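Trainee: One structure coming up, written as structure tokens, with questions to follow.
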Amino acid sequence: MSKLTKLRKTMNRVGREFNDFCIIVGEPKIGEGTWIGYFTLIDGSGGLTIGRNCSISSGVQIYTHDSVRWSLEGLKKDRINYSHIDRAPVTIGNNVYVGANAVVVKGVTVGDCCVIGAGAVVTKDLPPYSAAFGVPAKTIGRVEFDENRKYHIKWMPRASAEASSFNSS
């Protein structure tokens, strides 16, 4: 039985849901109740933690490594230790929604209760309750809850979003 098949059986046994058409690399820590959609790439090779009750939509790519330095500096491939690959962990908090085809790059931390829009490229940390969209992703709103725990996004005016300390950039 392959490592991925074992991981899928373990994950399904403890109540996590994901599709057979996703790619999981390494050994990410994925919280209870998290859903992972079709055609996602989940790279846990550099350390990845995804919290509870997250929704990782179809086509999302989460990277914990890159080969930029190897490409630009012309480094020789180290097929034993892979020292030509740079790695940094990614942490995604609890109750996070990541929209379709979004990308999260290595070294990023996404706080609890964030919304990441479809197609966004997250290159910097997002504080809890951020609503971030675009390329690169910028925080343009705040996730808030009413007395019934129903969410809504409080959008920031454009000028204040660019200057706000709540901004992700």
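Trainee: If a/c stays under 1.5 just call it rounded; otherwise compare a/b with b/c (prolate if a/b is bigger, oblate if not). Do that for the stretch 12-163, with a ≥ b ≥ c from the square roots of the Cα gyration tensor eigenvalues. Before the final figure, lay out the partial values.
Mentor: Working: a/c = 2.42, a/b = 1.39, b/c = 1.74.
Judged from the Cα gyration tensor, the stretch 12-163 comes out oblate (a/c at least 1.5, b/c at or above a/b).
Trainee: Here is a follow-up. Between A100 and N148, what is 0.36 nm times their sequence separation minus the Cα-Cα distance? Round to one decimal in nm. Can you show the working numbers first?
Mentor: Values: separation 48, 0.36 × 48 = 17.28 nm, distance 2.73 nm.
Between A100 and N148, full extension yields an extra 14.6 nm.
Trainee: How many lysine pairs are close in the stretch 30-144, with Cα atoms under 21 Å apart and the two 8 or more places apart or on different chains? Could you put the intermediate results ahead of the total?
Mentor: Details: K77/K106; K106/K124; K106/K138; K124/K138.
Eligible lysine pairs with Cα atoms under 21 Å apart amount to 4.
Each value in this text was obtained by applying a stated rule to the coordinates, not by laboratory testing. Given the structure is predicted, the values throughout are model-derived calculations rather than measurements.
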